[in-house]
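Enquirer: Encoded as structure tokens, here's the structure I'll be asking about.
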Amino acid sequence: MKKSKIYLAAIAALGLASASCSDFLDRADTNGNYVSTGFFRSEKAMYDGLMGVYNSMYMDAINGFYMLPANIVFDHLTPMLLERNENVTIGAGGTLNPDNAIVLYVWQQCYIGIARANDVIAGAEEFKAGFNDKAMQYLAEVHTLRAYFYYILTGLYGDVPFFTAPVGNDEYDTAVRTSRETIYDFLIADLNEIAEYLPWKREETGRVNRGFAYGLINRIGLAGGGLDIAGKGKQYYTAAATAAKKVIDEGGYELAANYGDLFTEPGQAKADVFDEIFYELPYTNTTSPKKGHTIGYGQTSRIQGQTSRHSSMMFCDTYECIDGKRIDESPLYDNAHPSKNRDPRFAYNIRMEGDEMTVNQGLATTTQILSCYKPTTQLYNFTTGQWSEVPNQDFEGVVSASWASFCNAGVGTINAKYALDTSCGIAEQYMNVIFMRYAEVLLGYAEAKIELNELDESVYSAINKVRNRAGMPDVSADRKGNQSKMRQLVRRERKVELMMEGLHLFDMRRWKTGDIENMYPSYGQPLIQYQYEAGIPYTTAGGESGVSLGLAPTDKPVFKAGREDENDIPCYDAYKQKLKVRDTNRRWEERFQLWPIPTQELARTKNITQNPGY
């Protein structure tokens, strides 16, 4: 009898093997082992098993992940986006260690998903020859989700225990770490084999399609290529390009007309948005119990919600001006009004000083004028139709201001993606959370071809589709044929298009840019002029407010030649004393290239070794 006991204790402890999962998760033999023999013989049983695997995609049950899916949190573990606390998980404060709760949680959740998938795959083996098309589709979805979990594990921990069939405790306790080469090669072959059973177009939200399967091959190939796993970098880049080309040529996909529609509940109801998304984690307020998330609540001003996650100025300064030039090259950039004349995606993803922020607070929808510099600000109430002057809870000089504001814990910027939907209250939202979409595959195709130095019109066309949808110009003539300039552009596009979609934590590692992304503190909006001149904290005992931002027209970031320029890493040294700053102890060590293996797992197993440096 085949059985799976891997992480069953963890499942029970986390409350995941409950009524929220399919009935098959409660099937046990007399020894308490979950069994799959004889169960997955029908379309209905396969669907039940599949839903149990999908349930594991909700990684939102631990501190830091409370009602937040993991892919939202991942990019906040890089210097591009900032958590409320200093970005300690990447090493700034040294808490990237084997006892870190997030390090353990992600490991456990991925293996829970893998165990569930392996139960279904093994249980279906003796019956699949007689499956109808729908049952085969369900089986293919299970294979695809298993590949996703292994993509996350290998991207974070490197070589990991690799199981393609159910295992018992004894088998897990004696498992060894399998090389990424072996895992990547298996996953690419497996996904290529099962992809044909998946539909190109999804039938409903919360389900993967064929584009997602090939998109995973693209992700895996880019990882294997960037890290040159086993010296097979070219082979992996070729696999990445080939899979993405299938999606482009055969999938019949188009980008949604409006970028902002992708991240609102009404927008996601549109057919063109549905077609761009390959997989989204579904949320709903139409079932009992409801399933919501709190992404937007942590990405507003203190007046309208709570600022727990922020954009860094490094991320802000990655966005080009509307003329298609970086801010150090464009005559349109104005450092006194940095959000003006920028790539339109800037306004969908970031808010800062002087911008309007419109939020449904539950009882009323309001618009606030964001300010880092004044003790009061303007607030418009859509119910009353009135503007009013209110205390600015974000301003650092206001006694009642919370530390958790975009000016205090942050550096003067707010993440706007997923926070601009006024169709529901900001405290619990129900728009779905995107895990993969067509724009990513277009850029993944372009990147693979660029790394292969196969620069042709198909590369420029793929990037232009993404840029043009946003209102940005085509790839410029000076970039065409230049591998370094094209590498810079596609990496820039991945950041400004896809940030907060769970990719940059993995991109930073395969690009090997952790050292240069973490070489500076997090700088932000300018300080009030006489604050930095006097060198003392600014107070508002007399109710006064700042009268000047204190920047000269020449105070602009520099992008030093070489890797910093190619990867859009700004340096603010020439005027850093004028800027808000945090993460002053940020650092990078080579060991941070991988997360440590959790202490709990090292204690449980006999043959798994720790990653170097931990």
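Enquirer: Criterion first (more than 26 Å from A409 (Cα to Cα) and in contact with a helix residue (DSSP H, G or I) (Cβ under 6 Å, 6 or more places away or on another chain)) does P598 satisfy it?
Expert: The answer is yes for P598.
Enquirer: Sticking with this one: In the range 284-300, is there at least one residue being at negative phi, of a type outside the set (A, V, I, L, M, F, W, C) and touching a helix residue (DSSP H, G or I) at 6+ places or on another chain (Cβ under 7 Å)?
Expert: no
Enquirer: Additional query: Scan the range 142-164 and give yes if some residue there is out of contact with any helix residue (DSSP H, G or I) (no Cβ under 8 Å at 6 or more places or on another chain), of a type in the set (D, E) and outside any helix (DSSP H, G or I), otherwise no.
Expert: No, every residue in the range 142-164 fails to be out of contact with any helix residue (DSSP H, G or I) (no Cβ under 8 Å at 6 or more places or on another chain), of a type in the set (D, E) and outside any helix (DSSP H, G or I).
Enquirer: Within the range 332-368, count every residue that is more than 25 Å from G471 (Cβ to Cβ) and among the aliphatic types (A, V, I, L, M).
Expert: Count: 2.
Enquirer: Out of N408, N432, report the one residue that is open to solvent by 10 Å² or more (accessible area, probe 1.4 Å), in contact with a Pro (Cβ under 6 Å, 6 or more places away or on another chain) and of a type outside the set (A, V, I, L, M).
Expert: Going through N408, N432 in turn, just one is open to solvent by 10 Å² or more (accessible area, probe 1.4 Å), in contact with a Pro (Cβ under 6 Å, 6 or more places away or on another chain) and of a type outside the set (A, V, I, L, M): N432.
Enquirer: Moving to a separate point now. Name the residue that is farthest from G514 (Cα to Cα), counting only residues in the range 568-589 that are surrounded by fewer than 18 Cβ atoms within 10 Å (Cβ to Cβ) and of a type in the set (V, I, T).
Expert: My answer is V581.
Enquirer: Does D275 count as of a type in the set (D, E, K, R) and either in contact (Cβ under 8 Å) with a residue 40 or more places away in the chain or open to solvent by less than 10 Å² (accessible area, probe 1.4 Å) (or both)?
Expert: Yes.
Enquirer: Scan the range 445-473 residue by residue and report those that are outside any helix (DSSP H, G or I) and crowded, with 20+ Cβ neighbours inside 10 Å.
Expert: Across the range 445-473, the qualifying residue is only M472.
Enquirer: What are the residues in the range 176-202 that are in a loop (DSSP other than H, G, I, E, B) and either in contact with a strand residue (DSSP E or B) (Cβ under 6 Å, 6 or more places away or on another chain) or open to solvent by 10 Å² or more (accessible area, probe 1.4 Å) (or both), if any?
Expert: Within the range 176-202, V176, R177, S179, P199, W200, K201, R202 qualify.
Enquirer: Would it be correct to say that T205 is in contact with a strand residue (DSSP E or B) (Cβ under 8 Å, 6 or more places away or on another chain), touching a residue at least 12 places away in the same chain (Cβ under 8 Å) and on the phi < 0 side of the Ramachandran plot?
Expert: Yes; evaluated as a whole, the condition is true for this residue.
Enquirer: Just to check your reading of the model, which residue among G324, G267, G260 is surrounded by fewer than 23 Cβ atoms within 10 Å (Cβ to Cβ), modelled with pLDDT of 95 or more and more than 22 Å from the chain's Cα centre (by Cα)?
Expert: The unique qualifying residue is G324.
Enquirer: Evaluate the following for T367: is it modelled with pLDDT of 95 or more and assigned to a strand (DSSP E or B)?
Expert: Yes.
Enquirer: Applying the selection to the range 334-348, what residues are open to solvent by 10 Å² or more (accessible area, probe 1.4 Å) and outside any loop (DSSP other than H, G, I, E, B)?
Expert: R342, A347, Y348 - these are the residues of the range 334-348 that are open to solvent by 10 Å² or more (accessible area, probe 1.4 Å) and outside any loop (DSSP other than H, G, I, E, B).
Enquirer: Another question about this same structure. For the range 358-377, give me each residue that is of a type outside the set (A, V, I, L, M, F, W, C), closer than 21 Å to G296 by Cβ and either open to solvent by 30 Å² or more (accessible area, probe 1.4 Å) or within 30 Å of the chain's Cα centre (by Cα) (or both).
Expert: T358, N360, Q361, G362, T365, T366, T367, Q368, S371, listed by residue number.
Enquirer: A further question follows. Quick one: in the range 117-138, of everything that is under 24 Å from R219 (Cβ atoms) and open to solvent by less than 10 Å² (accessible area, probe 1.4 Å), which residue is nearest to the chain's Cα centre (by Cα)?
Expert: Per the criteria, the residue is A117.
Enquirer: Sticking with this one: Of the conditions (1) in contact with a Ser or Thr (Cβ under 9 Å, 6 or more places away or on another chain); (2) surrounded by fewer than 19 Cβ atoms within 10 Å (Cβ to Cβ); (3) within 30 Å of A416 (Cα to Cα), A230 clears all except one; give me its number.
Expert: Of everything listed in (1) in contact with a Ser or Thr (Cβ under 9 Å, 6 or more places away or on another chain); (2) surrounded by fewer than 19 Cβ atoms within 10 Å (Cβ to Cβ); (3) within 30 Å of A416 (Cα to Cα), A230 misses just condition (3).
Enquirer: Across the range 566-598, what is the total count of residues that are assigned to a loop (DSSP other than H, G, I, E, B) and within 15 Å of N97 (Cα to Cα)?
Expert: So the answer is 8.
Enquirer: Given the structure, is G221 closer than 21 Å to F274 by Cα and buried (at least 24 other Cβ atoms within 10 Å of the Cβ)?
Expert: no
Enquirer: Report whether or not V547 is of a type in the set (A, V, I, L, M, F, W, C), surrounded by fewer than 16 Cβ atoms within 10 Å (Cβ to Cβ) and at pLDDT 95 or above.
Expert: When the stated conditions are applied, V547 does not pass them.
The values are calculated or read from the model by the stated rules, or taken from the named source; none is laboratory data. Predicted model, so just to flag it, every value in this text is computed and none were measured. Here Cβ is always computed from backbone atoms with ideal geometry, including for glycine, and neighbour counts include all displayed protein chains. In case anyone asks, the SASA skips ligands and DNA or RNA and just uses the protein heavy atoms, side chains included. Shrake-Rupley method; radii C 1.70, N 1.55, O 1.52, S 1.80 Å.
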